[in-house]
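Structure first, commentary second.
The values are calculated or read from the model by the stated rules, or taken from the named source; none is laboratory data. Predicted, not measured: the structure shown is a model, and the values here were computed from it. Methodologically, a virtual Cβ is constructed for each residue, glycine included, from the backbone with ideal geometry; neighbour enumeration extends over all protein chains shown. Surface areas here come from the heavy atoms of the whole protein model, side chains and all, with no ligands, DNA or RNA. Shrake-Rupley method; radii C 1.70, N 1.55, O 1.52, S 1.80 Å.
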Amino acid sequence: MTTPWSHHEAYRKGRAPEAGERDKRWVAAVIAGAIFVVCAPFYGYVVSLIEATPGYFIAIIAGLALIRVITSSLAIAFSGRKHEMGALFAFLIAASGIQILEIGSSFWALVLGVMISLVFETKDFEFAKGKQAVA
C-alpha cells in the first residue's frame with residue numbers, strides 16, 4: 001500500500017520521465033553493483049580509519065553537516081513573527097540538555113516554550129484574538 005503523497009507507483013510502473021527510458025534502467029543497477037564490488041575490499045580500511053579518529057572529530061564533522069539544518073530551522077522559526085520568544089527559549093532549553101524529574105530536555109523545551117509564549121506573547125494565539133473581537 002502506498003501513501004497518497006509518494007510517487008513510488010509512478011516510478012515502479014515506468015511513468016516517471018526522470019527515471020530515463022524504461023529499457024535502459026537496468027544500466028544504473030549494474031553500475032551501482034560494480035561500484036560496490038570494486039570498493040568492497042577497501043571498506044575494512046574505511047571502518048578502521050573511522051574507528052581510529054577521536055570522538056570529538058566525528059562530533060565536529062556531524063556538527064558541520066547539521067549547520068545548514070539548524071540555520072534553516074531557526075530562520076523558519078523566526079520568520080513568522082509569531083511566538084518568537086517561545087521558539088527561542090524552547091531551542092535554548094532543548095540545547096541545554098537539562099533533565100528535571102528524569103524527563104528529558106525536549107519535553108521541557110516544549111512545555112516551557114509554550115508557557116513563555118502564553119505569558120509574553122498572548123496576542124499571537126488564536127484564542128486571544130477571539131476574546132479581543134468579543135470585547
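Ligands, DNA and RNA excluded, the heavy atoms of I50 present near 100 Å² of accessible surface to a 1.4 Å solvent probe.
In plain terms, the bigger the Kirkwood radius, the slower the diffusion; for region 80-121, with that radius from Cα pairs, at 25 °C and 0.890 mPa s, Stokes-Einstein puts D at 243 µm²/s.
Exactly which trypsin sites (Lys or Arg not before Pro) in region 23-69 are in a DSSP loop and have at most 14 other Cβ atoms within 10 Å? Working shown, then result.
Values: sites: K24, R25, R68; in loops: R25.
Of the trypsin sites (Lys or Arg not before Pro), the ones in loops of region 23-69 whose Cβ has at most 14 other Cβ atoms within 10 Å are R25.
For K82, K123, give the ranking by accessible area with the largest first, probe 1.4 Å. Write down the numbers at each step before the final one.
On the way: K82 80, K123 130 Å².
Correct descending sequence by accessible area is K123, K82.
When D124, D23 are compared by accessible area of protein heavy atoms, the largest-first order is D23, D124, using a 1.4 Å probe.
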